[in-house]
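Participant: Just dropping this structure here.
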Amino acid sequence: MRLMFSAAALVAASAVLAADEPPPSPEQQARTLAKQFVGQLKPQLKQAMDQGGPAMAVTVCAEVAPTIADNLSAESGWTVKRVSLQPRNSGRAQPDQWEQAVLYDFNRRQAEGEAPARIAFGEEVDGQYRFMQAQGVEPLCLLCHGKGLSDEAQAALDKYYPDDQATGYSLDQVRGAISLSRDL
Ligand code: HEC
């Protein structure tokens with residue numbers, strides 16, 4: 001009985017503590033969503049790569065990546081997308097003026113030695129909070145974003161993205177960014 005009482009007291013105490021915690025800041029929320037995006041996409045990309053090679057993985061990327069972005073947006077109330085200075089998906093990944101400036105700055109930071117995983121930037125813009133997290137080129141990414149792609153990868157990409165600009169990258173360059181925005 002005594003044990004049960006103290007367990008109940010503990011639960012009550014932690015509920016009070018939880019209520020006292022400040023809600024996550026817009027920056028924290030954006031960082032969490034960016035992590036969720038990568039956390040959902042990467043395992044599916046790797047699995048498709050193992051099972052069906054680059055052709056299947058391109059299909060997964062083409063169909064799954066936009067769905068993840070749309071679902072995260074719908075669930076969170078944020079707008080979640082990916083952008084690049086050399087977009088593959090020209091319909092979705094074209095950066096606006098603010099995103100372009102941030103991407104140029106990310107390239108500068110990377111060239112000066114910062115690791116892409118640590119490159120991020122957020123600020124208030126016209127009543128919105130906007131945040132971007134850089135996406136660096138890892139060995140896996142080179143199969144579809146590097147130089148001299150395999151015939152199989154190239155053929156799959158040509159099918160979906162006739163105006164693809166997202167090849168020719170080297171390891172550790174900034175491939176693009178996850179871009180998030182929300183009304184304040
Ligand atoms: C199997 C091929 C493949 C691999 C491997 C791959 N990508 Fe992509 N990537 C794509 C495709 C296809 C798209 C276009 C998706 C779409 O239509 O939204 C894309 C789009 C992107 C975009 C969105 C901007 C744009 O250009 O459309 C980013 C950022 C990106 N990839 C980063 C990466 C990173 C970082 C890695 C490694 C961790 C990686 N990709 C690995 C095929 C690949």
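Participant: From the list Arg175, Arg182, which residue is within 11 Å of the ligand (Cβ to nearest atom), under 22 Å from Gln94 (Cβ atoms), in a strand (DSSP E or B) and basic (Lys, Arg)?
Facilitator: Working: Arg182 fails: within 11 Å of the ligand (Cβ to nearest atom).
Every option except Arg175 fails the conditions.
Participant: For Asp164, indicate whether it is farther than 19 Å from Phe37 by Cβ, of a type outside the set (S, T, N, Q), near the ligand (Cβ under 10 Å from one of its atoms) and not in a helix (DSSP H, G or I). Step through it out loud before you land on a result.
Facilitator: On the way: farther than 19 Å from Phe37 by Cβ: yes; of a type outside the set (S, T, N, Q): yes; near the ligand (Cβ under 10 Å from one of its atoms): yes; not in a helix (DSSP H, G or I): yes.
Taking the combined requirement at face value, the residue satisfies it.
Participant: If you don't mind, another one. Taking Lys35 as meeting all but one of (1) within 18 Å of Val174 (Cβ to Cβ); (2) within 13 Å of the ligand (Cβ to nearest atom), write down the number of the exception.
Facilitator: (2)
Participant: Further question on the same structure: Give the range 90-105 a look and list any residue that's within 15 Å of the ligand (Cβ to nearest atom) and at pLDDT 95 or above, or say none.
Facilitator: Of everything in the range 90-105, those that are within 15 Å of the ligand (Cβ to nearest atom) and at pLDDT 95 or above turn out to be Ala93, Gln94, Pro95, Asp96, Glu99, Gln100, Val102, Leu103.
Participant: Continuing with this model, one more query. When the range 138-177 is examined, which residues are found to be within 18 Å of the chain's Cα centre (by Cα) and within 18 Å of Lys81 (Cα to Cα)?
Facilitator: Across the range 138-177, the qualifying residues are Ala166, Val174, Arg175, Gly176, Ala177.
The values are calculated or read from the model by the stated rules, or taken from the named source; none is laboratory data. Since we're looking at a predicted model, the values are computed, not measured. Here the Cβ is made from the backbone with ideal geometry for all residues, glycine too, and neighbour counts use every protein chain on show.
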